[in-house]
1. Mind checking which residues of the stretch 181-214 are in contact with a helix residue (DSSP H, G or I) (Cβ under 8 Å, 6 or more places away or on another chain) and part of a strand (DSSP E or B)?
2. Here's a check for you: in the stretch 234-257, which residue that is crowded, with 19+ Cβ neighbours inside 10 Å and small (Gly, Ala, Ser) is farthest from the chain's Cα centre (by Cα)?
3. Return a yes/no flag: does the stretch 138-150 have any residue that is of a type in the set (Asp, Glu), under 20 Å from the mean Cα position of the chain (by Cα) and under 26 Å from PRO327 (Cα atoms).
4. Which of the numbered conditions does TYR341 fail, given that it passes all the others? Conditions: (1) at pLDDT below 95; (2) under 28 Å from TYR195 (Cα atoms).
5. With the structure loaded, tell me whether SER286 is over 22 Å from the mean Cα position of the chain (by Cα), modelled with pLDDT of 90 or more, closer than 19 Å to TRP176 by Cβ and not basic (Lys, Arg) or whether it fails that test.
6. LEU217 - would you say it is under 14 Å from LEU184 (Cβ atoms), at pLDDT below 90 and out of contact with any helix residue (DSSP H, G or I) (no Cβ under 6 Å at 6 or more places or on another chain)?
7. How about the stretch 328-373: which of its residues are touching a helix residue (DSSP H, G or I) at 6+ places or on another chain (Cβ under 6 Å), surrounded by fewer than 20 Cβ atoms within 10 Å (Cβ to Cβ) and assigned to a loop (DSSP other than H, G, I, E, B)?
8. Please note which strands (runs of 3 or more DSSP E) are completely contained in the stretch 402-493 and include at least 2 residues that are farther than 30 Å from PRO329 by Cβ, modelled with pLDDT under 90 and hydroxyl-bearing (Ser, Thr, Tyr).
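The values are calculated or read from the model by the stated rules, or taken from the named source; none is laboratory data. As the structure is a computational prediction, the values presented were derived from the model and not from experiment. Cβ atoms come from the backbone with ideal geometry, glycine included; neighbour counts cover every protein chain shown.
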Amino acid sequence: MVQAVVAEYLAGAGAFDILFGDNFSALLDHVHDHLPDNNPDILAEEELCALSAILALGPGHDGVPPEGLREHFFEIARKYARGNPERTAELAVAFGCGKWREVGQHNGCWQGEWGNAVITLVGAIRHFVKAANIWMAERVKRYPGRGFWSSAEGNMLMQADAGYLAVRVMRPYTTWRIGHGQVLEIDSMDDGMEYRVRDTANEGVDLEGCLLPGARLVFGTGATPCVLSCEHSKVGERVLEPGTRIVALARDGESWISFPDVPSGAKAPRITLNPGMTSTISGPMSLQVWECSCGHEKCAERHRLEAWEPDERITLRSFLASAVKGPEPAIKVGSFSAGMYYPMLAQDGGANALRVRAGPVEYTLCANPKCNSPAEGRRYEGDSCPTCRTHFNPADTYKKAFNYLMVVDDYGTYQRQPRMQCSGESYESERKIKCGNLYSVSYEQCPICEHRPRLRRPTMVWVRNFTRRVGDDECSRIGTTDDPDAGSSDSDL
């Protein structure tokens, strides 16, 4: 009887998002108003609320939800919701997406993932995908502007990205099975990293892919130990115990293989592969390849639906917000890089195919003490301050590197350049101050503090290229905020 009443309401409700506004409360009011007095489905209020939630999300064409499944969800609702309809709706979405149960390959039925629950999850994730894109539109040079993300095309791209992220939240890893005579090879290159599963007998390749600079491949070893070999490396061979997590990071001009769960004092916590070097792991074995490639030590706690532990503070929406755009309430570069969305953009650019990566970007700190620039430290890019028009003078104007997001495009908006970083020190009111100025490698000493380095070891930073191109229009400049760490929250939408 309850199922018929819920189905009647949904048929006339159009698009129904159980997490949006008062939708679920309106459904519960309808159920209360339309259940007959002689209703055979006599349930406590808490159970009626829980049953209505799973009926609104589940595959109604598959008949009545099995009794065991109903009782299982009733128990979850009693534990976490305690009669709160909003929390019950969140629990039902997570339950329908596979949390607290094994869904296997039961597609299209009560025992599998529920299509409406997955659609609802995608919708919730899309809200935070939009927040991230608007934040980047206002801060990242040459990123599509805010108006684009309100267009039909922009909405379609965000929906696709949200769908990819939903799958990664629900199904956090895939399994690669490497048999006898097969080997996983990781090749370091000048412009990234290639990996493949190769059959040593017939030289056939069963699986292959590539990582561009800034992207990662994260995987864990299976139930049996295996050996990682590094050609032309001091490490030689390393035994990997079962459950070892491995992070392969493609960098500019080299690649890193690290073991985040190994104590820092252990031997060779990180392996550096120069271009042309190869690392191999031979079968037979199985590897769990993580869908989220953030590489963060708390990835499994923050980026998997199975890890969500509901309480009064951590709602499903807040959990997804942290997973997608980083753990901080306001979006900032460092926090965003620790979320799930950034590594997807760093690898292939998501549905928009526009890669974004983080890196040390050179900024100039305006030397005019009267400048009222809103940017932190009065920092800017280029030869003159856009606020007070003070021109850059290497004798009194500092340059510093800040972690920032960049669009990786064919125009070379940002280019890597070598810089010397001054290690000179001075004292001010008995307080030691490090210079830290970035200066051209053509200088023998720091032009500000005149410190001369004993060893000349340049550091690589990203420098914005201001060369005008045919079709460029200064009025169409996308990045409008000079402070890369200026935060943005959902209230900005």
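1. Step one: filter the stretch 181-214 for residues in contact with a helix residue (DSSP H, G or I) (Cβ under 8 Å, 6 or more places away or on another chain), giving 211-212, 214.
Passing the criteria: only LEU211.
2. SER255
3. Applying the first criterion (of a type in the set (Asp, Glu)) to the stretch 138-150 yields 138.
Right, trim to under 20 Å from the mean Cα position of the chain (by Cα) and you get 138.
Next, from what is left, pick out any that are under 26 Å from PRO327 (Cα atoms): 138.
Yes, some residue in the stretch 138-150 is of a type in the set (Asp, Glu), under 20 Å from the mean Cα position of the chain (by Cα) and under 26 Å from PRO327 (Cα atoms).
4. So the condition that TYR341 fails would be (1).
5. Numbers: over 22 Å from the mean Cα position of the chain (by Cα): yes; modelled with pLDDT of 90 or more: yes; closer than 19 Å to TRP176 by Cβ: yes; not basic (Lys, Arg): yes.
In short, yes.
6. Working: under 14 Å from LEU184 (Cβ atoms): yes; at pLDDT below 90: no; out of contact with any helix residue (DSSP H, G or I) (no Cβ under 6 Å at 6 or more places or on another chain): yes.
When the stated conditions are applied, LEU217 does not pass them.
7. Within the stretch 328-373, GLU328, CYS371 qualify.
8. Working: elements: 414-421, 425-428, 431-434, 459-464.
Those strands (runs of 3 or more DSSP E) span 425-428.
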